[in-house]
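Here's the structure we're looking at; comments come further down.
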Amino acid sequence: MSEKVFYATAGMGKKVRGKALVAKDGFSARYDLDRKRGVFSRPEHKLAGENYLGRILVLDAAKGGVATAWMLYEMMSRDMMPAALVLNAVNPIMVQGAALAGATLISGFDCDITGAIPNGATVEIDPEGDRPCIRIVEA
């Protein structure tokens, strides 16, 4: 398979490689996660029951308010974070929370990234390149 690359309009954090956990659903650190067990816990979420630890989350849009910022930091301090966040759209609170936590985050694609990245694919995120991107290494 030839490598596929999707460029983002913004990114922060370090270069990360791992398995993608993908769904056409939003992301709230407060309402969607069991932050003690490391799983999606909201029954209505498309990833309900899935373990997010060490995975690269590829989701539609950031949800939630100010609690997200400190929750991401708290998750990082306990080593209970996903490896990275890849979102079609973010809000300022998610960006602030990711920055506070030192998390890798990229956002803003010219396609629906949840439809472009296969669930379970090995991907690499480079938020610090000339253009932030996510690359499918192995589908």
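Once you order the gyration tensor axes a ≥ b ≥ c over the Cα atoms, which shape class does the range 1-109 get: rounded for a/c under 1.5, otherwise prolate or oblate by comparing a/b with b/c? Display every interim value, and only then the final one.
Working: a/c = 1.42, a/b = 1.21, b/c = 1.17.
Rounded is the answer for the range 1-109, as its axis ratio a/c remains below 1.5.
Relative contact order (percent) for the range 46-119, with alpha-carbon contacts under 8 angstrom and 6 or more residues of separation?
Computed over the range 46-119, the figure is 36 percent.
Considering the options Leu105, Ser77, Ile125, tell which one lies farthest towards the positive end of the dipole of the range 46-129, charges being +1 on Lys and Arg and -1 on Asp and Glu at the Cβ, about the Cα centre.
Ser77
With every protein chain left in place, what is the accessible area per residue of the chain in square angstrom, probe 1.4 Å?
On the way: 6670 Å² over 139 residues.
Value returned for the chain: 48 Å² of accessible area per residue.
Treating only the Cβ of Lys, Arg, Asp and Glu as charged (+1, +1, -1, -1), what charge dipole size does the range 18-139 show about its Cα centre? Round to the nearest 20 debye. Don't skip to the end; give the middle numbers.
Working: 13 positive and 15 negative charges, 88 e Å.
Once rounded to the nearest 20, the dipole reads 420 debye.
Helix 67-77 versus the longest principal axis of the chain: what angle, 0 to 90°, nearest 10, using Cα atoms?
80
List every residue whose amide H lies under 5 Å from the amide H of Gly120, counting only residues 5 or more places away in sequence or on a different chain, with H placed 1.01 Å from N in the peptide plane.
Excluding prolines and chain starts, which carry no amide H, the hits are Ala20, Leu21, Val22.
Kindly state, to the nearest 0.05, the FRET efficiency for Ala67 paired with Arg131, given R0 = 41 Å and r defined as their beta-carbon distance. Working shown, then result.
On the way: r = 32 Å, r/R0 = 0.77.
Computed FRET efficiency for Ala67 and Arg131: 0.80.
The values are calculated or read from the model by the stated rules, or taken from the named source; none is laboratory data. Values in this document were obtained by computation on a predicted structure and should not be read as measured data. Glycine also receives a Cβ, built like all others from the backbone with ideal geometry; neighbour counts cover every protein chain displayed. For accessibility, only protein heavy atoms count, side chains too; no ligands or nucleic acids. Shrake-Rupley method; radii C 1.70, N 1.55, O 1.52, S 1.80 Å.
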